[in-house]
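Undergrad: Next up is a structure, given as structure tokens.
The values are calculated or read from the model by the stated rules, or taken from the named source; none is laboratory data. The structure displayed is predicted, hence computed values, not measured ones. Don't worry about glycine lacking a Cβ; one is built from the backbone with ideal geometry, like all the others, and counts go over all protein chains shown. The protein model used for the area step is the full one, side chains on, heavy atoms only, and it has no ligands, DNA or RNA in it. Shrake-Rupley method; radii C 1.70, N 1.55, O 1.52, S 1.80 Å.
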Amino acid sequence: MQPAPNGVTVHSVDVSQAAKPVRPESSILRRLPVPLIFLIAFGLSFTLIYRAAGPIPLLTQWNRADSFDLDKERLARVLKASAMEDNTVILTTLNAAWASNGTIIDLFLESFQIGNDTRSLLDHLVIIAFDKKAYLRCRAIHAHCFALATNGVDFSVQENFMTEGYLKMMWRRIDFLRIVLEMGYNFIFTDADIMWFRNPLSRFFPDGDFQIACDQFNGNPYDRHNRPNGGFNYVKSSNRTIKFYKFWYTSRVKHPELHDQDVLNIIKFDPFIDEIGLKMRFLSTAFFGGICQPSRDFNLVCTMHANCCIGLNRKINDLSVMLEDWRSYMALPTALKTAKMPVWRVPQNCR
């Protein structure tokens with residue numbers, strides 16, 4: 001002790017011996033059983049190691065801003081695993097509205113199973129999922145899936161024809177297909193509301209860069225006055241097709257209220273197409289038919305599209321009827337397949 005100037009006794013304190021503040025977490029840990037502390041430490045360590053060593057979960061792609069930020073490394077792996085010997089892949093897109101049990105995607109895959117020489121093509125099919133539900137459903141039913149999302153855009157709902165969401169989805173698709181071409185892959189793009197009844201590879205033109213199905217086909221595959229449908233096309237990777245897809249995508253700015261197919265009907269006459277030397281071919285509805293203009297010969301048909309049909313339930317009904325008609329045809333004796341020509345019972349609800 002030492003006297004203070006005013007006579008008050010002051011006790012001196014050794015700072016080095018002063019009590020240190022107790023951290024609340026330290027007191028909590030002291031009260032926990034040792035085995036529990038060990039389990040907590042082990043769990044934290046395992047989590048840190050897993051995050052450091054493991055891949056980023058695929059569903060984090062839904063937070064990505066645009067197509068230029070997509071996981072190209074994963075896309076390259078998926079395309080490589082599914083490609084044919086000539087680097088051709090089959091692509092389709094899927095959102096939640098078409099992914100539920102008993103809807104479009106199930107009918108689509110079933111057509112490959114019952115088609116003529118089409119089952120093996122499933123090994124080359126990649127389903128591009130626009131939302132989480134579609135991706136998870138794809139993983140449950142198919143081998144090759146890729147998640148493609150746009151930040152701030154919900155593609156999980158049924159997008160009615162020509163709504164803002166529908167237009168964004170269609171243009172997103174065009175931009176993605178350009179990336180596939182830039183990666184060196186040819187592709188057959190097919191909407192999921194197209195039934196595959198026969199292997200179409202032999203029906204493509206060997207010299208065509210960009211080949212597309214038609215709503216109405218006038219008989220001349222070189223005539224740009226045909227009315228194409230963007231739901232089915234075969235495109236070879238080249239500088240010409242890459243330039244074309246860039247031109248197609250950027251043309252949306254001039255035509256903001258049109259979808260990709262209407263814009264295509266405008267730009268197919270543009271001088272730029274001839275400048276880049278793009279060889280455009282229009283596929284006959286004899287092989288690639290639809291509700292707009294059905295393929296009349298079951299012995300020739302490769303695909304049938306639920307085009308000229310608006311509404312999910314209408315499409316499901318008429319696609320189901322198409323599958324029934326095809327099964328009836330396949331059950332016929334060989335002689336009757338040519339002697340008694342079947343007739344499609346569609347359109348029904350798609351009228």
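Undergrad: Taking Phe244 as the residue in question, decide whether it is in contact with a strand residue (DSSP E or B) (Cβ under 7 Å, 6 or more places away or on another chain) and either open to solvent by less than 50 Å² (accessible area, probe 1.4 Å) or in a loop (DSSP other than H, G, I, E, B) (or both).
TA: yes
Undergrad: Every residue in the range 252-274 that is modelled with pLDDT of 95 or more, of a type in the set (Asp, Glu) and surrounded by 11 or more Cβ atoms within 10 Å (Cβ to Cβ), please.
TA: Asp270
Undergrad: Also: Identify, please: which residue in the range 280-321 is in contact with a Gly (Cβ under 9 Å, 6 or more places away or on another chain) and among the β-branched types (Val, Ile, Thr) and is, among those, surrounded by the fewest Cβ atoms within 10 Å (Cβ to Cβ)?
TA: It comes out as Ile316.
Undergrad: For the range 203-218, what are the residues that are in contact (Cβ under 8 Å) with a residue 12 or more places away in the chain and either farther than 16 Å from Lys268 by Cα or open to solvent by 50 Å² or more (accessible area, probe 1.4 Å) (or both)?
TA: Within the range 203-218, Arg203, Phe204, Phe205, Asp207, Gln216 meet the criteria.
Undergrad: Now, a different point. Suppose we filter the range 309-348 for residues that are farther than 18 Å from Glu110 by Cα and among the polar types (S, T, N, Q); how many remain?
TA: 3
Undergrad: Conditions first: (1) part of a helix (DSSP H, G or I); (2) crowded, with 22+ Cβ neighbours inside 10 Å. Phe232 passes all but one, so which condition is the exception?
TA: For Phe232, the exception is condition (1).
Undergrad: Moving to a separate point now. Would you mention how many residues in the range 194-229 are of a type outside the set (Phe, Trp, Tyr), assigned to a strand (DSSP E or B) and under 22 Å from the mean Cα position of the chain (by Cα)? Walk me through it before giving the result.
TA: First pass over the range 194-229, keeping only residues of a type outside the set (Phe, Trp, Tyr): 194-195, 198-203, 206-209, 211-216, 218-221, 223-229.
With the extra rule that they be assigned to a strand (DSSP E or B), the set shrinks to 194-195, 198, 211-216, 227-229.
Checking which are under 22 Å from the mean Cα position of the chain (by Cα) leaves us with 194-195, 211-214, 228-229.
Final tally of qualifying residues: 8.
Undergrad: Follow-up. Going by what's in this entry, would Tyr249 be described as open to solvent by 20 Å² or more (accessible area, probe 1.4 Å) and not hydrophobic (A, V, I, L, M, F, W, C)?
TA: Yes; evaluated as a whole, the condition is true for this residue.
Undergrad: Examine the range 175-193 for a residue that is open to solvent by less than 10 Å² (accessible area, probe 1.4 Å), aliphatic (A, V, I, L, M), in a strand (DSSP E or B) and more than 20 Å from Phe282 (Cβ to Cβ), and state whether such a residue exists.
TA: The answer is no; no qualifying residue exists.
Undergrad: From Ala331, Ala335, which residue is over 18 Å from Phe197 (Cα atoms), of a type in the set (A, V, I, L, M) and without any contact (Cβ under 8 Å) to a residue 40 or more places away in the chain?
TA: Among Ala331, Ala335, only Ala335 is over 18 Å from Phe197 (Cα atoms), of a type in the set (A, V, I, L, M) and without any contact (Cβ under 8 Å) to a residue 40 or more places away in the chain.
Undergrad: Scan the range 247-297 for residues that are in a loop (DSSP other than H, G, I, E, B), among the β-branched types (Val, Ile, Thr) and in contact with a helix residue (DSSP H, G or I) (Cβ under 9 Å, 6 or more places away or on another chain) and jot them down.
TA: Residues of the range 247-297 that are in a loop (DSSP other than H, G, I, E, B), as a first pass: 254-259, 268-270, 276-279, 283-287, 291-297.
Filter again for among the β-branched types (Val, Ile, Thr), leaving 276, 285, 291.
Correct list: Ile276, Ile291.
Undergrad: Mind checking which helices (runs of 4 or more DSSP H) fall wholly inside the range 84-149 and carry at least 2 residues that are more than 23 Å from Asn186 (Cβ to Cβ) and open to solvent by 40 Å² or more (accessible area, probe 1.4 Å)? Can you show your working first?
TA: Numbers: elements: 96-99, 104-114, 132-141.
Correct list: 104-114, 132-141.
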